[in-house]
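**Student:** Following this message is one structure expressed as structure tokens.
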Amino acid sequence: MANQLGLLMLAGALATHGIGVLFLQQVGALVHPIALSQVLERHAIAHVIANELPPTRAASLLAALDPGVLRVWTASDAEVAPHRMQAEELKLAAALRARLSLAAGTPVWVQIERIDGGPARDTVLALRNWAALQVRISIGLADGRWLNSWQHPSGGYEWWRLLRFSLPVSILPVLVLGYVFVRRIVRPVRALVDATERVGRGEHVDALPVTGPREARELTVAFDAMQHKLHRFVQDRTRMLAAIGHDFRTPITSLRLQAALIDDEPLREDMVETLADLRTMVEETLDFARDDAAREATRPIDLHALLQAVARRYREVGDRLVVQPWQPPQGSAPPVFRGRPAALRRAVSNLIDNALRHGGTARVSLSTGVLGDDVAHRIDIDDDGPGLAPERLDQVFEPFWRGSDARGSGQGLGLGLSIARTCVQAHGGDVVLANRPDGGLRASIHLPA
């Protein structure tokens, strides 16, 4: 935002100067006031020389007047032909009459034009407007001759000189003050963005300092209030579920004791098994709810080391799990993600358990690449099971969902995938299932890089 606002202010300042240049080229003075006074003084001297001295002597003195800048001579013909003079030319002609004290009716012709002979004022964007000016003047003398002159006066607005001063003086202070002002606006917004990302990963963020302009302060206060309400809601829900779980444990234990007194053995075993399932469901429901309320501290996690640690536990019990070695690009370090290690281990373990349960084997791989418009870490868990129908790929994440097909039937209460997705989404990522072309299912964990 700061860069964009800075560029916007710079573009606005340049546009202002550009508009000013174009406007003044059309309505501003063509000849600089100092140059105009010099024209009048030179012609006053030249007029005295031409009238008071002999022609030969006058010609040599006129030739010596500012050579290269001004050329003055006398001739029998006027250098400037009679024409309809423009406002600037009429103004200069009137000034010459007054300065030289010319008699009424003395002809004075002035021609202000570009050095190539084009008009002094052309269309707005014409390149000719940037060319140098030349002024030609013809003044009638008392003996019938003409005093002619040709010169290059300084333009009223020579932008290649003026802009070298005006641009730094006008733009640099604006940019410096604008930068300070923009930083004051952007700093609390940047802090708010960082805090939002952390909250999205399930972290608890301390109350942000209320600084900056009024809108930024109001936004910060609203964010702090929202986070407090979310934290209180999760705590209230967790306490409520813990109380419900505690209240459920007592009657379940009582029912198990009563069931043990039943003489009918098949009925007794069926009731004990049902009560065990009910107790397991209560425990897993509480675990599922506690994941949202987890206050485990976040820290940098080496994802490759985390997968190796998870795989080590499965190998110790003889499960068929393969963690493919991570092949880093040349010169790069293993991918590091800031999150809660225990929660990520649980998500990976649940997906591995699901692969082992339905496919017999699990292959885990880690990669980092572009996902959509962002860069993400990706953990893939592949199995050799029967896969899932396309319409079930998202349905299986619903809590307690257990389908009737080959993959949905069997062990479990239907909470493993739900808990895995909850853990990953709390880190700003997601879990996606897809059938592999060569058979089996792939569960992919996407984590923002």
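Read the figures in this text as sums done on the coordinates, not as results from a lab. Bear in mind the structure is a predicted one, so any value in this text is a computation, not a measurement. Counting neighbours? That spans all protein chains shown, and the Cβs are built from the backbone with ideal geometry, glycine included.
**Student:** Would you mind ranking Glu215, Glu197, Glu113, Glu316 so that the residue whose beta carbon has the fewest other beta carbons within 10 Å leads the list?
**Tutor:** Ascending number of Cβ neighbours within 10 Å: Glu316, Glu215, Glu197, Glu113.
**Student:** Ok, one more. Work through the residues other than Trp150 whose Cβ is under 10 Å from its Cβ and net out their charges, Lys, Arg +1 and Asp, Glu -1.
**Tutor:** On the way: positive: Arg71, Arg136; negative: Glu79.
Charge balance in the 10 Å sphere: +1.
**Student:** Hey, got a sec? Which chymotrypsin sites (Phe, Trp or Tyr not before Pro) in segment 367-402 land in a DSSP loop and have at most 16 other Cβ atoms within 10 Å? Please list the in-between numbers first.
**Tutor:** Details: sites: Phe397, Phe400, Trp401; in loops: Phe400, Trp401.
Sites meeting the loop and neighbour criteria: Phe400, Trp401.
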